[in-house]
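The values are calculated or read from the model by the stated rules, or taken from the named source; none is laboratory data. Not measured: the values here are computed from a predicted model. Cβ placement follows ideal geometry from the backbone for every residue including glycine, while neighbour counts extend to all protein chains displayed.
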Amino acid sequence: MAFGKPKFGQKPRKAREPSLFKRKKFCRFTAAGVKEIDYKDIDTLKDFIQENGKIMPGRVTGTKARYQRQLTTAINRARFLALVPYCDLHP
């Protein structure tokens, strides 16, 4: 297959719709200078929990690996103490 040709059924690159500008992700905890994430800070933890109760991955939120591990531990502690629900959707 030639490198310049689009795949079957695709429009050439110029004819496709332009991609939207994606904002660069940054770690909120690094920017704020946080040393450790506290499990009692419910408002911060809820920002990183999806509607179905799952913890959002770092590649989506832009959180560094160090803080993602702390975040996971804090959310699990808050869930165990019933500060944060395990899931929000109940029939």
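Contact map, segment 12-32: residues that are modelled with pLDDT of 75 or more paired with residues that are outside any loop (DSSP other than H, G, I, E, B), Cβ distance under 7 Å, separation 6+ or inter-chain. Pairs shown: Cys27/Tyr67; Phe29/Tyr67.
Scanning segment 67-91 for residues that are touching a Leu at 6+ places or on another chain (Cβ under 7 Å) and at pLDDT below 95 turns up just one, Val84. Scanning segment 29-60 for residues that are among the basic types (Lys, Arg), outside any loop (DSSP other than H, G, I, E, B) and over 18 Å from Val84 (Cβ atoms) yields one hit, Arg59. Candidates in segment 48-68 are the residues that are loosely packed, with under 10 Cβ neighbours inside 10 Å and of a type outside the set (Lys, Arg); of these, the one that is nearest to Arg23 (Cα to Cα) is Ala65. Scanning segment 61-71 for residues that are within 12 Å of the chain's Cα centre (by Cα) and closer than 18 Å to Val84 by Cα yields Gln68, Leu71.
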